[in-house]
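The structure under discussion appears below in the form of structure tokens.
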Amino acid sequence: MTSKNNQIDDQIKQYETNRGAIIFAIPMQLFPMLRGYAYLIFDENSSPAHFTLVDTGSVSPEANRQLETSLTWISEKISKPVDFSTLDEVLLTHGHIDHFGGCYQIRQHSSCPIVIHELDLRILTNYEERVVIVSKRLTEFLIEAGASEKSRAEYLEVYRMTKSLGKSIDNVTTYQRMQDQLSRFKILHLPGHCAGEVVIKLDNILFSGDMVLDPITPHQSPEHLTLYTGLGHYFESLQQLKEWSSGVDLTLAGHGVPIRNLAGRIDEIDHGHQERLGKILDIFKKPQTIAQVSEQLFGQVTGYNILLALEETGAHVEYLYSRGYLEITNLEDLEENHKLVPIVYHRIR
Ligand SMILES: [Zn+2]
Ligand SMILES: [Zn+2]
């Protein structure tokens, strides 16, 4: 074995379900600042033996290379042919490019089913349309959030650049259509972080995508940007997962470390958001915009992080406003102009 393969040996972790399916965790550098995983499941007990890939990494050449090299390494390890052409199916946890970006590479070598929840289907099959629509919604959101014109142009440039990495993919199918073929998996739709987020259970192991992560907290953005996202849906999904996941001994997430105590981690994440909601209510004792609140919560951040901070703040403000904790103090501006203006919120006493 070459020294390069020895290096992979240190990185690829192996797990086994209580029925004997083997899971290889494939680490990847998804973007310069983001690491994460795809998981290859080798199920010799299902007949015929099955190779399933859960998530695919990003479009970055480095991640693509890591995925391909890892399959070669696994092939040597289990002494069976494993490459893109031997995959039986690709299961996607959700429609974010750090999870489905590897599909472009896989499609060049395989016609196996690529499966995603129907609410995220158009992101893959009509990618260009998605970029246009989201850019438009994002522009509206940034104006209403009170972000400056200069920074708005900056955010959108970063956003378009990241998104322009993708393109539409043919022959993508949904969990609904594949129910019979995927009966050995249990799939649960948990919207919030992403509209079509699903978690996938195989025996006593759960693949949580970005629904539950450790130690980072899954990113939230306002439902105003994409239906079925938003903090309200996410809270409901957390509780639903807590009830549904009894019997799960290990959770393998899209980023971060494996989770042994899923219920405990769900409580921590829930608690973190409740605390942030309380802090935001406190900040709104004085009328202000989402951009002003975001700066107080996250300080001076730069580049893409400004957008992430604004979306995260926006998700919390939307949650509070839609449940009657906040009011808008500049209704006349909104009414008069009939065009988009920064919205100023205030806590209702
Ligand atoms: Zn995600
Ligand atoms: Zn992710």
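Numbers for the structure displayed
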{"quantity": "Low-density loop cleavage sites - trypsin sites (Lys or Arg not before Pro) in the range 189-266, where at most 15 other Cβ are within 10 Å (DSSP)", "calculated": "260"}
{"quantity": "Order by protection proxy (mean Cβ within 10 Å, highest first), peptides 335-345, 101-111, 311-321", "calculated": "311-321, 101-111, 335-345"}
{"quantity": "Gain upon complete extension [residue 334, residue 204; 0.36 nm per residue less C-alpha separation]", "calculated": "41.6 nm"}
{"quantity": "Computed E for residue 136/residue 179 - FRET, C-beta separation, R0 41 angstrom, nearest 0.05", "calculated": "0.75"}
{"quantity": "Filter on 77/242; 13/186; 80/242; 136/201 - keep pairs with C-alpha separation over 30 Å", "calculated": "77/242; 80/242; 136/201"}
{"quantity": "Inter-site label distance for residue 62 and residue 298 at 7 Å from Cα along Cβ, in nm", "calculated": "2.2"}
{"quantity": "Antiparallel bridges, percent of DSSP beta bridges restricted to the chain (to nearest 5)", "calculated": "70"}
{"quantity": "Set of the range 262-279 residues, backbone N closer than 11 Å to the point 7 Å along the Cα-Cβ line of residue 325", "calculated": "273-279"}
{"quantity": "Inter-label distance for residue 224 and residue 125, nm, one decimal - labels placed 7 Å from Cα along Cα-to-Cβ", "calculated": "3.1"}
{"quantity": "Paramagnetic reach from residue 75 in the range 36-68 [backbone N under 11 Å; point 7 Å along Cα→Cβ]", "calculated": "68"}
{"quantity": "The chain, helix-only ellipticity at 222 nm - DSSP H runs n ≥ 4, -39,500 (n - 2.57), divided by all residues, nearest 500", "calculated": "-13500 deg cm²/dmol"}
{"quantity": "Efficiency of FRET from Cβ geometry, residue 170 and residue 109, R₀ 25 Å, rounded to 0.05", "calculated": "0.95"}
{"quantity": "Lys/Arg +1, Asp/Glu -1 at C-beta; the chain dipole; positive extreme among 305, 227, 27", "calculated": "27"}
{"quantity": "The range 32-93: GluC sites (Glu not before Pro) falling in loop per DSSP and having at most 15 other Cβ within 10 Å", "calculated": "44"}
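FYI, it's all coordinate maths here, none of it is from the lab. Treat the numbers as computed from the prediction; the structure is a model and nothing was measured. Methodologically, a virtual Cβ is constructed for each residue, glycine included, from the backbone with ideal geometry; neighbour enumeration extends over all protein chains shown.
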